[in-house]
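Some notes on the structure that comes next.
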Amino acid sequence: MAEHAEHPAYPVGLRLSGRRVVVIGGGQVAQRRLPALIAAGADVTLISPSATPSVEAMAESGEITWTRRRYEDGDIADAWYALVATSDPEANTRASAEADRTKTWCVRSDDAEAATAWTPATGRSEGVTVAVLTGRDPRRSAAVRDAIVEGLRDGSLAAPHHRSRAPFVALVGGGPGDPDLITVRGRRLLAEADVVIADRLGPRDLLDELPPHVEVIDAAKIPYGRFMAQEAINNALIEHAKAGKAVVRLKGGDPFVFGRGMEEAQALAEAGIPCTVVPGISSSISVPGAAGIPVTHRGVAHEFTVVSGHVAPDDPRSLVDWESLAKLTGTLVILMGVDKIGAIAAALVAHGKAPETPLALIQEGTTAAQRRVDATLATVGETVKAQDVRPPAVIVVGDVVGVRADRTE
């Protein structure tokens, strides 16, 4: 092999299912390599007088056959592939020579130049196997492998299907607004989408990264006609799914936290269309955290409650028990309540909450436009007007508002 070192290795994928593979040596190298050989379905024979506990467990479970002795001439006979990894250079040389005679591709852990095959740095993501070879620099191979696999997993490296991909619908929670706060799975599904139906509060910056062929539909601008808004969105999801498209419904926060995601999942189920739900980081926790407010804190709050403020306390449609909430000693997080916060604060005070209870409004949380406005239940109505606080904003009520990172205890 040494005289041909200037030539690059020829990459190939070995299909080893049901084929004999011999591993000589039961140490750390074998421990690392055996799982992949087992996963490939290889008929693995281990030749070694001893083995690590992990390798021994593979033998005890029947995943490999273990011959408990040193290498002997003839052990590689009829093997399709061999891995030589003992601590005895002389035995490694003899085994490698036998592999040459029998024309068996052989990897040597102690002398790559003397081997007829090299093991690439490998990784897997959603059915894709990445294998990287950089010759004599295994750390570089691993670094390149890691970068590619991470890109595939988080969607920053697009690798769309062109043959066997089945259409899908995914309800993806996009998080509170910062595009970096979408989940890895959510970003990957976005990269695979043909159609994206996006909410106004979803991470809009991610839409700019989509390939030109992706149809982006603003859910707020779907022509509703005789339909209610949500019904029109449901119909759009069904229509594109039935057309064989990969559809992502990109929602702000989490699909099931005041996101009407279950209504969409139910509509798809009634139409016979399965969907995947990808949870998202809810603004109820992440936005206060981004503004330096913990929703719970030792000695301050042992609970937090999240409610919707989209209807006023005296509205007959309200399902919130404001009287009970006023009696709680923990943190209250109110979503969609900016324009009703004056009435909400008055109701909490009327039911016994102290008027001086601290309160914070975090507008456009986690984005470049984030700002925090502090007030109390007694002053918040006027503060919102004076400071021109607008949706979207998360409202936090309770003593945690006064907790600071630089506070000493």
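The values are calculated or read from the model by the stated rules, or taken from the named source; none is laboratory data. The structure presented is a predicted model; accordingly, all values stated were derived computationally and were not measured. When we count neighbours, we look across all protein chains shown, and the Cβ atoms used for this are built from the backbone with ideal geometry, even at glycine. Only protein heavy atoms, including side chains, enter the accessible area calculation; ligands, DNA and RNA are left aside. Shrake-Rupley method; radii C 1.70, N 1.55, O 1.52, S 1.80 Å.
Checked against (1) in a helix (DSSP H, G or I); (2) out of contact with any Gly (no Cβ under 7 Å at 6 or more places or on another chain), Lys340 passes all but condition (2).
Here is a check on your reading of the model: is Val12 open to solvent by 60 Å² or more (accessible area, probe 1.4 Å) and either among the charged types (D, E, K, R) or within 31 Å of the chain's Cα centre (by Cα) (or both)? Here the answer is yes, as Val12 does meet what is asked. When restricted to residues that are of a type in the set (Gly, Ala, Ser) and at pLDDT 80 or above, segment 158-172 contains 1. Whether any residue in segment 26-33 is open to solvent by less than 40 Å² (accessible area, probe 1.4 Å) and free of Cβ contacts under 8 Å to residues at least 40 places away in the same chain is what I want to check. No, that holds for no residue.
Out of everything in segment 97-106 that is open to solvent by less than 50 Å² (accessible area, probe 1.4 Å) and of a type in the set (A, V, I, L, M, F, W, C), what residue ends up being nearest to Val23 (Cα to Cα)? Result: Cys106.
Checking each residue in segment 379-409 for being open to solvent by less than 30 Å² (accessible area, probe 1.4 Å) and in a helix (DSSP H, G or I) picks out Val380, Gly381, Thr383, Val384, Val400, Val401.
The single condition among (1) among the small types (Gly, Ala, Ser); (2) touching an Asp or Glu at 6+ places or on another chain (Cβ under 9 Å); (3) modelled with pLDDT under 95 that Gly342 does not meet is (3). Sort out which residues of segment 327-353 are under 19 Å from Thr296 (Cβ atoms) and aliphatic (A, V, I, L, M), and write them in order of number. Leu328, Leu332, Val333, Ile334, Leu335 - these are the residues of segment 327-353 that are under 19 Å from Thr296 (Cβ atoms) and aliphatic (A, V, I, L, M).
Do you know which of the residues in segment 43-96 that are acidic (Asp, Glu) and open to solvent by 70 Å² or more (accessible area, probe 1.4 Å) is nearest to Arg20 (Cα to Cα)?
Result: Asp43.
A search for C-beta distances below 8 Å between a residue of segment 181-198 that is more than 23 Å from Thr367 (Cβ to Cβ) and any residue that is in a helix (DSSP H, G or I), counting only pairs 6+ apart in sequence or on different chains, returns Asp194/His240; Val195/His240.
Scanning segment 115-157 for residues that are charged (D, E, K, R) and in a helix (DSSP H, G or I), we see that the one that is modelled with the lowest pLDDT is Asp154.
Just wondering, is there one or more residues in segment 286-295 that are assigned to a helix (DSSP H, G or I), open to solvent by 20 Å² or more (accessible area, probe 1.4 Å), out of contact with any strand residue (DSSP E or B) (no Cβ under 8 Å at 6 or more places or on another chain) and under 18 Å from Glu364 (Cα atoms)? Yes: one or more hits. In segment 306-322, the condition of being open to solvent by 20 Å² or more (accessible area, probe 1.4 Å) and within 30 Å of the chain's Cα centre (by Cα) is met by at least one residue.
One line per residue, one yes/no per condition, for (1) within 20 Å of Thr134 (Cβ to Cβ); (2) modelled with pLDDT under 95:
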site	(1), (2)
Ala2	yes, yes
Glu72	no, no
Pro89	no, yes
Ala95	no, no
Arg108	yes, yes
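For segment 97-150, the set of residues classified as polar (S, T, N, Q) and more than 19 Å from Leu37 (Cα to Cα) consists of Thr102, Thr134, Ser141, listed by residue number. With respect to the stated conditions, Arg372 is open to solvent by 50 Å² or more (accessible area, probe 1.4 Å) and part of a strand (DSSP E or B). In segment 201-224, the residues that are basic (Lys, Arg) form Cβ pairs under 9 Å with partners that are modelled with pLDDT of 85 or more and assigned to a helix (DSSP H, G or I), at six or more places apart or across chains, as follows: Arg204/Pro179. Among the residues making up segment 296-330, those that are part of a loop (DSSP other than H, G, I, E, B) and within 19 Å of Val400 (Cα to Cα) are Thr296, Arg298, Gly299, Val300, His302, Glu303, Leu328, Thr329, Gly330. Restricting attention to segment 107-126, does a residue exist that is over 26 Å from Arg145 (Cβ atoms), without any contact (Cβ under 8 Å) to a residue 40 or more places away in the chain, open to solvent by 10 Å² or more (accessible area, probe 1.4 Å) and acidic (Asp, Glu)? There is no residue in segment 107-126 that is over 26 Å from Arg145 (Cβ atoms), without any contact (Cβ under 8 Å) to a residue 40 or more places away in the chain, open to solvent by 10 Å² or more (accessible area, probe 1.4 Å) and acidic (Asp, Glu).
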